[in-house]
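The values are calculated or read from the model by the stated rules, or taken from the named source; none is laboratory data. This structure is a prediction, so every number in the text was calculated from the model and none was measured. So basically every Cβ, Gly included, is an ideal-geometry build from the backbone, and we count neighbours across all protein chains shown. What goes into the accessible areas is simple: the full protein's heavy atoms, side chains included, and nothing from ligands, DNA or RNA. Shrake-Rupley method; radii C 1.70, N 1.55, O 1.52, S 1.80 Å.
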Amino acid sequence: MPLSRVTDVVAGLVPTDPLRRKLIAIRLAESIGKGVFLSGSIVYFTLRVGLDARQVGLGLSAAGLSAFLSSVLFGVIADRVGARRLLVILFAALAVGFGLYSLVDSATAFFALVVTVGFLEYGTGPTNGALIGNLVPAEERVKLKAMMRSVFNIGFSIGIGVAAVAALSQRLLVLIPLTTAALMAGAALLVTRLPDVPPRPAPVGFKRFAAVRDPRFLAVIGVSTILASHVSIILVTMPLWALNRTDLPHFLIPLLLIVNTAFVILFQVRASRGADTVHGAGRLARRSGYWLAGGCAVLAVTALDDNVVLASVAIVAAVLILSVAEVMQAASGWGLAFGLAPEHAQGEYLGAFDLHVITQNIIGPAALSGLVIAFGFWGWLGIAVAALVASALIIPAANRSAVTLVRETAPASTT
């Protein structure tokens, strides 16, 4: 791709509208902070705090598990108290939490803090989504989310660079949590500059936590969990496969992740076209499943021959194919989440829909990696078949959920 095209894409991520620029700036600050902490946390906790790998891994897993509760809970709270107010509180609390990491000196303190921070952090997603739902017209939400995801990848990459510099010295390691804390505080300040939209009244008879009690909406989440397998495959399963079952040069594996990140930055916005309705998002989700299956089929080829050239070509091709699946599935997920959420319950439904990614992040790496390492060629084909089945199910599931979705029919009673 010509450099001018890359420049145009990056420039296109800076909206001319002041409101959208502020939303993008908030996402950039948050993403740099996450990039710093997630890429440098292992080094920080092992070298500075003195924890072992098992303790760090257990703590981070416990933090991830807290997302099952916090994602929906904070979505419900956002609908009640207002997304802007809650997001300010969450970012401010995260700033304090990340700052406290600089004082941690024991495993007990680490476990308590990492679970608390993780619980708060997973609440920012649905709250931010509800804020977008309040401030941005329905037909523009998916495109804005796509822009924010591209910006997130840029910011996360910057954060990795900051963490790498901090890791050069034992004394500089403390900058990892402190830099993240400062960026979260900055994000909180930016949120205060957004318009304050009061919560929309719920219709008479609407029950909280309706999203997780609706089997048809849960079916959409379940099918989307399979379609989101690209998350685990790109980050964990494929690298493990390349290391253990192919002769691919090890230095190529990190480069593949760079290719994936660059692809998302350049093509996420373009991939979101047509996903601003439930119908369009369903069709895009179905196509993402086809690409996911194709990427797994290509990876299956590497189980048939030990030729390093064939493996290298196949894995590079698979990364590109899976990256297409990723940008399509992400865009379709936003379209389905916004489209199937009542306007008065954006936070709750977006928080529930986020469970498809949370589930994939927690269960996917172990399940998919174990499958392909144990069964090789047939393991990859099994994932491909599951992706094709999910592709066939997603549109019917989305249509059934749209038909039965509780809509806003009357203002809430004030008596």
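Would you please name the residue that is least open to solvent (accessible area, probe 1.4 Å), looking only at residues in the stretch 243-281 that are β-branched (Val, Ile, Thr) and modelled with pLDDT of 90 or more?
Kept after step one, since they are β-branched (Val, Ile, Thr), are these residues of the stretch 243-281: 246, 253, 258-259, 261, 264-265, 269, 277-278.
From what is left, the residues that are modelled with pLDDT of 90 or more are 258-259, 261, 264-265, 269, 277-278.
Details: ILE258: 105, VAL259: 65, THR261: 37, VAL264: 0, ILE265: 26, VAL269: 40, THR277: 68, VAL278: 27 Å².
The selected residue is VAL264.
Confirm whether VAL197 is touching a helix residue (DSSP H, G or I) at 6+ places or on another chain (Cβ under 9 Å) and modelled with pLDDT of 90 or more. Break it down into steps so the answer makes sense when it comes.
Working: touching a helix residue (DSSP H, G or I) at 6+ places or on another chain (Cβ under 9 Å): yes; modelled with pLDDT of 90 or more: no.
No: the conditions fail for VAL197.
Please specify each residue of the stretch 104-119 satisfying the condition of being of a type in the set (A, V, I, L, M) and more than 18 Å from PHE68 (Cβ to Cβ).
Our first condition is that a residue be of a type in the set (A, V, I, L, M); within the stretch 104-119, this holds for 104, 107, 109, 112-115, 117.
Passing the criteria: VAL104, ALA107, ALA109, ALA112, LEU113.
Exactly one residue out of ALA392, ALA374 is touching a helix residue (DSSP H, G or I) at 6+ places or on another chain (Cβ under 9 Å) and not acidic (Asp, Glu): that is ALA392.
GLY40 - would you say it is over 24 Å from ALA146 (Cβ atoms), open to solvent by less than 30 Å² (accessible area, probe 1.4 Å) and out of contact with any Ser or Thr (no Cβ under 8 Å at 6 or more places or on another chain)?
Values: over 24 Å from ALA146 (Cβ atoms): yes; open to solvent by less than 30 Å² (accessible area, probe 1.4 Å): yes; out of contact with any Ser or Thr (no Cβ under 8 Å at 6 or more places or on another chain): yes.
For GLY40, the condition - over 24 Å from ALA146 (Cβ atoms), open to solvent by less than 30 Å² (accessible area, probe 1.4 Å) and out of contact with any Ser or Thr (no Cβ under 8 Å at 6 or more places or on another chain) - is met.
Among the residues of the stretch 298-313, those identified as among the hydrophobic types (A, V, I, L, M, F, W, C) and open to solvent by 10 Å² or more (accessible area, probe 1.4 Å) are VAL298, VAL301, ALA303, LEU304, VAL308, VAL309, LEU310, VAL313. Residues that are at pLDDT 90 or above and among the β-branched types (Val, Ile, Thr) were ranked within the stretch 2-37; the one that is surrounded by the most Cβ atoms within 10 Å (Cβ to Cβ) is VAL36.
ASP247 passes every criterion in (1) assigned to a helix (DSSP H, G or I); (2) under 27 Å from SER39 (Cα atoms) apart from (1).
Please state which one of SER413, SER332 is modelled with pLDDT of 95 or more, closer than 30 Å to LEU135 by Cβ and among the polar types (S, T, N, Q). First the steps, then the outcome.
On the way: SER413 fails: modelled with pLDDT of 95 or more.
None of the others qualify; the one that does is SER332.
For residues in the stretch 189-217 being within 26 Å of the chain's Cα centre (by Cα) and free of Cβ contacts under 8 Å to residues at least 12 places away in the same chain, which is least open to solvent (accessible area, probe 1.4 Å)? Please lay out each step first, then the result.
Quick first cut of the stretch 189-217, residues within 26 Å of the chain's Cα centre (by Cα) only: 189-197, 199, 208-217.
Among the residues that remain, those that are also free of Cβ contacts under 8 Å to residues at least 12 places away in the same chain are: 189, 213, 215.
On the way: LEU189: 118, ARG213: 138, PRO215: 96 Å².
Across the stretch 189-217, the extreme among qualifying residues is PRO215.
In a residue-by-residue description of the stretch 226-234, the property of being part of a helix (DSSP H, G or I), open to solvent by 10 Å² or more (accessible area, probe 1.4 Å) and not basic (Lys, Arg) applies to at least one position. VAL96 meets the conditions (1) in contact with a helix residue (DSSP H, G or I) (Cβ under 7 Å, 6 or more places away or on another chain); (2) at pLDDT 90 or above in every case but one. The failed one is (1). Kindly list, by first and then second residue, each pair from a residue in the stretch 49-66 that is outside any helix (DSSP H, G or I) to a residue that is open to solvent by less than 60 Å² (accessible area, probe 1.4 Å) and of a type in the set (Phe, Trp, Tyr), limited to pairs with Cβ atoms under 8 Å and residues at least 6 apart or on different chains. Pairs found: LEU51/PHE45; LEU51/PHE110; SER66/PHE119.
For the stretch 341-407, list the helices (runs of 4 or more DSSP H) that sit wholly inside it and hold at least 3 residues that are open to solvent by 40 Å² or more (accessible area, probe 1.4 Å) and of a type in the set (Gly, Ala, Ser); which are they? Outline the logic, then answer.
Working: elements: 346-353, 355-375, 377-404.
Where helices (runs of 4 or more DSSP H) fall fully within the stretch 341-407 and carry at least 3 residues being open to solvent by 40 Å² or more (accessible area, probe 1.4 Å) and of a type in the set (Gly, Ala, Ser), they are 355-375.
Which ones in the stretch 148-188 are hydroxyl-bearing (Ser, Thr, Tyr) and either closer than 18 Å to THR46 by Cβ or over 25 Å from the mean Cα position of the chain (by Cα) (or both)? Break it down stepwise before answering.
Initial filter on the stretch 148-188 (hydroxyl-bearing (Ser, Thr, Tyr)): 150, 157, 169, 179-180.
Passing the criteria: SER169, THR180.
Taking the stretch 289-309 as the range and being part of a helix (DSSP H, G or I), of a type in the set (A, V, I, L, M, F, W, C) and within 32 Å of the chain's Cα centre (by Cα) as the test, the residues that pass are TRP291, LEU292, ALA293, CYS296, ALA297, VAL298, LEU299, ALA300, VAL301.
ILE221 meets all of the listed conditions (1) within 21 Å of the chain's Cα centre (by Cα); (2) open to solvent by 50 Å² or more (accessible area, probe 1.4 Å); (3) of a type in the set (Val, Ile, Thr) but one, namely (2). Identify all residues within the stretch 305-332 that are farther than 12 Å from GLY294 by Cβ and touching a His at 6+ places or on another chain (Cβ under 7 Å); write none if there are none. Those that are farther than 12 Å from GLY294 by Cβ and touching a His at 6+ places or on another chain (Cβ under 7 Å): GLU326, GLN329. For the stretch 43-76, which residues satisfy the criterion of being under 18 Å from TYR122 (Cβ atoms), in contact with a Leu (Cβ under 8 Å, 6 or more places away or on another chain) and open to solvent by 50 Å² or more (accessible area, probe 1.4 Å)? The one that is under 18 Å from TYR122 (Cβ atoms), in contact with a Leu (Cβ under 8 Å, 6 or more places away or on another chain) and open to solvent by 50 Å² or more (accessible area, probe 1.4 Å): PHE68.
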